[in-house]
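The values are calculated or read from the model by the stated rules, or taken from the named source; none is laboratory data. Computed from a predicted structure; not experimentally measured. Here the Cβ positions follow ideal geometry from the backbone for every residue, glycine too, while neighbour counts run over all protein chains shown.
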Amino acid sequence: MVSTRESLQAWLRLSLTAGVGNKTARALLQGFGLPERIFQQSPAKLQTLVSPAISQQLCTLPAELEALLDVTWEWLNTPAPLRMASYKPRQTEGVVIGKRLLTLADPDYPQSLMLTPDPPLMLYAMGQTQHLHWLSPPPLQAPRALAIVGSRNPTPQGSLNAQDFAHSLSQAGLTVISGLALGIDTAAHKGALAGGTLANPLHTVAVVGTGLDRVYPHQNHALAQHIAQQGLLLSEYPLNTPAVMANFPKRNRLIAGLSQGCLVVEAALRSGSLITAKQAVDMGKEVFAIPGSIHTTVAKGCHDLIKQGAKLVDSAHDILEEMKDLPSPRMALKKSSPSDIATSATDNKDRRHSSPSHAQGIAAHLGHVPVGLDELQRRSGLPTSQLQAELFQMELAGTLGRLPGGLYQQLTRK
């Protein structure tokens, strides 16, 4: 544990040393012990493990070290404000947002990451840090975490699927892990927060690609605050690290590594979500995929995964059945209704139910493949004004999604 400023300085110095990546840092730690001892070695001794060039860098203080040390020490020792904003956890009394800097030598460092090919040297954590042990289930204990990933530009049905699956899995006691990106990630985090129970102390974990003193994208500031109140925000990147696109594919290995399985909701063939799925496969994790329309670009990545052996799922129950080999009472799935999710998720507070006549009048002519207004009018035979009015009521009720190009798609909950 980083408990002193001197210890923090040594770890930060090791992380900032040019030429020293995670692999080299692990070799140095294994050879010499904690960072303080590494920097006590002579150049000749260091060169038994690293090149002369890296040895020279290790003997030189990085120019940015003092500034980063000041910022990080202050961040660790300043209580996080509990802003309520637009997201409110079920119980705010006694909620404390903790901050931790976990190193490879820290007993609370997630053991699942230690088993991955490239565990980060340090991991910044903010939120319910007293429950970090939840991410390191003992051997032979039931899986505790599932990754949910997908497109940043999903269809309305894709977003609904992500939220509903996350809600049910969270109710069953699983922590939902995702990346705080727009689209599927956002829907998964919201669903998990709405479905979380006391059986699961970490409803959701967001692994981000910036420093934890920043939120990217900015639209998710309130969501990040809510996650800190009921879960965790994690990053391997130092404070003040901005949103650099190269960091996001790299952080995907942590999403895969922290989870016991990975669900891909919607993904195009070149989606970054497929990187996470591939990494999960390489780590021996189970991969699940939700199928979609053959005419939808964002379903093609899921279809490709299924062709390669991913398990096709159409309900959260499918996932829980696959993961139940290690039994636990937390894995009992409580079936949720659409109204449960609509009332518990704050972003759905304005959702209204349409009358049966509206739903039944158009639903028979709406498939799950997007369709245009002209085709709907041809199928239903309704006047344009009546058709548009009923489509509008279904959209308000959350049973219809409006897509680009004037297309409509029926939405269903699992």
Residue check, LEU305 over 18 Å from the mean Cα position of the chain (by Cα) and surrounded by 24 or more Cβ atoms within 10 Å (Cβ to Cβ): yes
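So that you can scan it fast, the table gives a plain yes or no per residue for (1) modelled with pLDDT of 95 or more; (2) farther than 20 Å from VAL205 by Cα; (3) assigned to a loop (DSSP other than H, G, I, E, B):
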| position | (1), (2), (3) |
| --- | --- |
| LEU263 | yes, no, no |
| SER271 | no, yes, yes |
| ILE275 | no, no, no |
| GLY301 | yes, yes, no |
| LEU326 | no, yes, yes |
| LYS334 | no, yes, yes |
| HIS353 | no, yes, yes |
Selected residue (criterion: surrounded by the fewest Cβ atoms within 10 Å (Cβ to Cβ)) from residues of the stretch 192-213 that are part of a loop (DSSP other than H, G, I, E, B) and among the hydroxyl-bearing types (Ser, Thr, Tyr): THR197
Flag for LEU234 being closer than 21 Å to ARG13 by Cα, touching a residue at least 40 places away in the same chain (Cβ under 8 Å), part of a loop (DSSP other than H, G, I, E, B) and not assigned by TED's automatic domain parsing to the domain that holds SER15: no
Residue in the stretch 156-172 that is outside the structural domain of SER15 (by TED's automatic domain parsing), of a type in the set (A, V, I, L, M, F, W, C), in a loop (DSSP other than H, G, I, E, B) and buried (at least 23 other Cβ atoms within 10 Å of the Cβ) present: yes
Unique residue being touching a strand residue (DSSP E or B) at 6+ places or on another chain (Cβ under 7 Å), assigned by TED's automatic domain parsing to the domain that holds ARG152, within 24 Å of VAL96 (Cα to Cα) and among the hydroxyl-bearing types (Ser, Thr, Tyr) when the list is THR276, THR210: THR210
Residue match in the stretch 145-153 (condition: over 18 Å from LEU254 (Cα atoms) and out of contact with any helix residue (DSSP H, G or I) (no Cβ under 8 Å at 6 or more places or on another chain)): no
